[in-house]
Amino acid sequence: MHEFRYVGARLQCEGVSVEALARKHGTPLFVYSQGTVKGNYERLETALQGLDHRICYAMKANSNRAILRTFADLGAGFDIVSGGELQRAMAAGADPATCVFAGVGKTEDEIRLALKSGIYCFNVESEAELQRLDRVAGRMRKKAPVAVRVNPDVDAHTHAKITTGTYENKFGIPFEKVGELYAWAAKRKHLRLRGVQMHIGSQLTEVDPFEQAVRKVAPLARELADRHGIEFLSIGGGMGIVYRPALASGPATWWLSKEGRKVLNPTAYAGTLMPLLQPLGLKILLEPGRYLVGNAGILVTRVEYAKQSGHKTFLIVDSAMNDLLRPALYDAYHEIIAVERRARRTVVADVVGPVCESGDTFCRDRPLPLMEEGELLAVLSAGAYGSVMSGNYNSRPLAAEVLVHGKRAAVVRERQPVEAIWAGEKTASWQR
Ligand SMILES: *Cc1c(COP(=O)(O)O)cnc(C)c1O
């Protein structure tokens, strides 16, 4: 469920007109609904009631400090993937003791920073990383808390670029090797075996792959608890959201897939997994990212031109792949709607940005209202893996971001001044 809806002809985020926000702050503009973030978090919390657990928000999905503060205030921990994210989380007021550190490529600097800050656990992806952790912690006279990421070899049936739980990709340690590795790690003086972790992929819309993975890993977790005294099992993130149709459906059918099947929701997810997890007697960590913030954000963009080219119609907008990369990177579907709903002719059109790449396309051959120059479109479900993936390609400044709470709205990232794009650059000493 989310809090973007038409009130009369106008799209609102909670109690605020999207058009008014665009007029005041310009476009491209990310608009986030704090109530939606909170609602998503609370629905998952409610579904997990009775299970000893902690939700560690995967902050790579949306790391704006105002979003992080929202989660810190809700009592969430954080799943981080770099030293930069750890520093950002702390800058937003997060307690490092609630942070787990994932990722295949942790550098010595990042490890030192995380040890110094006192994070809860390193989620380790290789034997070489365990050796490095032992060595760095030894030099600091500390013990590094670790959990090994198990690759359960379960196909998540999601996009190839976001599947992580099979032996075809770079993540985790093969299931069969994990016992051996814990036995080895238990002898290292500067490692503390604290848990075991898995994460099989992102944007999963069925509970089956989660169930398969938990059925496979739960007995291993129990065995590692008996043998090495680990205290937690992390089942990762990956809960998907419904990208289509995100708005027309409204709250009631929010959990239906495009084929009209019932898909993953917190109740189904928790209902299936809790009976498998509860008997373990371990603390259960969850690392959702997209599920918590995906439908809580939209990208507002202005139509610059409508262009007819042969039989094709293009709506050329002022947002581009540098603002929202998902369509170009994953062929991702985002619902696109008019901010002002009124009678318009329907056209089959591509919505494209101004960047000099054919991949700079938000949708292809889609029936859309024929918009006029200067009118506003909203790209829905842009709250996760949206602004965080944005860049300055074509010297385009980073978009502004606004957080809405009821009738209030606050700029939580200023539009980047264009000079800031090249502020760190210099000409070389031999140039005039
Ligand atoms: C990206 C990531 C997540 C979050 O994935 P979502 O699909 O956004 O829920 C969780 N855990 C790890 C280790 C990740 O890399």
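Please treat every number below as a calculation from the coordinates, not as lab data. Only a predicted model underlies this, so the values are computations on that prediction, with no experimental measurement involved. FYI the Cβ positions are ideal-geometry reconstructions off the backbone, even for glycines, and counts take in every protein chain you see.
Over the alpha-carbon set of region 295-421, work out the extent along each principal axis and list the three values in angstrom, largest first.
41, 35, 26
If you take every DSSP beta bridge whose two residues both sit in region 103-286, what share of them, in percent to the nearest 5, is antiparallel?
Taking every DSSP beta bridge within region 103-286, about 10 percent pair in antiparallel fashion.
Starting from the Cα of K312, draw a straight line to each of the aspartates and glutamates and keep only those under 19 Å, dropping any in the same chain fewer than 8 residues away.
Reachable aspartates and glutamates: E304, D350, E357, D360, D365, E372, E373.
Could you give the Stokes-Einstein D for region 103-286 in µm² per second, using the C-alpha Kirkwood radius, 20 °C, 1.002 mPa s?
122 µm²/s
Evaluate the relative contact order of the chain (contact order divided by residue number), counting alpha-carbon pairs under 8 angstrom at least 6 apart; express in whole percent.
20 percent
Once you keep just the Cα pairs under 8 angstrom separated by 6 or more residues, what percentage relative contact order results for region 295-421?
30 percent
How much FRET efficiency would the formula 1/(1 + (r/R0)^6) give for V104 and R65, where r is the Cβ-Cβ distance and R0 is 25 Å, rounded to 0.05?
Here the calculated transfer efficiency is 0.45.
Among the DSSP beta bridges whose two residues both lie in region 295-421, what percent are antiparallel, rounded to the nearest 5?
85 percent
What list do you get for T98, T166, T267 if you sort them by fewest beta carbons within 10 Å?
Fewest-to-most ranking of T98, T166, T267: T267, T166, T98.
For the chain, give the share of DSSP beta bridges that are antiparallel, in percent and rounded to the nearest 5; count only bridges with both residues there.
Just about 50 percent of them are antiparallel.
Cross-link candidates for K407: which lysines have Cα within less than 22 Å, leaving aside residues fewer than 8 places away along the same chain?
K24, K38
Take Q87 and E304, extend 7 Å from each Cα along the Cα→Cβ direction, and tell me the distance between the two endpoints in nm.
Inter-label distance under the simple model: 3.4 nm.
In terms of the ratio Rg/(2.2 N^0.38 Å) built on C-alpha atoms, what value belongs to region 1-144?
Dividing the Cα Rg of region 1-144 by 2.2 N^0.38 Å gives 1.31.
Rank by packing, highest mean first: peptides 202-211, 84-93, 282-291, with packing defined as the count of other Cβ atoms within 10 Å averaged across residues.
282-291, 202-211, 84-93
Given a Förster distance of 22 Å, report the FRET efficiency between M1 and R413 from their Cβ-Cβ distance, rounded to the nearest 0.05.
Working from the Cβ atoms, E equals 0.30.
For the pair L74 and R112, what calculated FRET efficiency results from E = 1/(1 + (r/R0)^6), where r is the Cβ-Cβ distance and R0 = 41 Å, to the nearest 0.05?
0.85
Can you tell me how much longer the chain between D331 and Q278 gets when fully stretched, taken as 0.36 nm per residue apart minus their C-alpha distance, in nm with one decimal?
15.3 nm
Which value, in debye to the nearest 20, describes the size of the charge dipole of region 103-286 about its Cα centre when Lys and Arg Cβ atoms bear +1, Asp and Glu Cβ atoms bear -1, and nothing else is charged?
820 debye
Can you give me the three principal axis dimensions of the chain from its C-alpha atoms, in Å, biggest first?
That gives 69, 65, 42 Å along the principal axes, largest extent first.
State, as an integer percentage, the relative contact order of region 103-286 based on alpha-carbon contacts under 8 Å between residues 6 or more apart.
It rounds to 19 percent for region 103-286.
Where a Cα-Cα gap under 27 Å defines reach, which lysines qualify for K170, not counting those fewer than 8 residues away within the same chain?
K60, K106, K143, K161, K187, K216, K283
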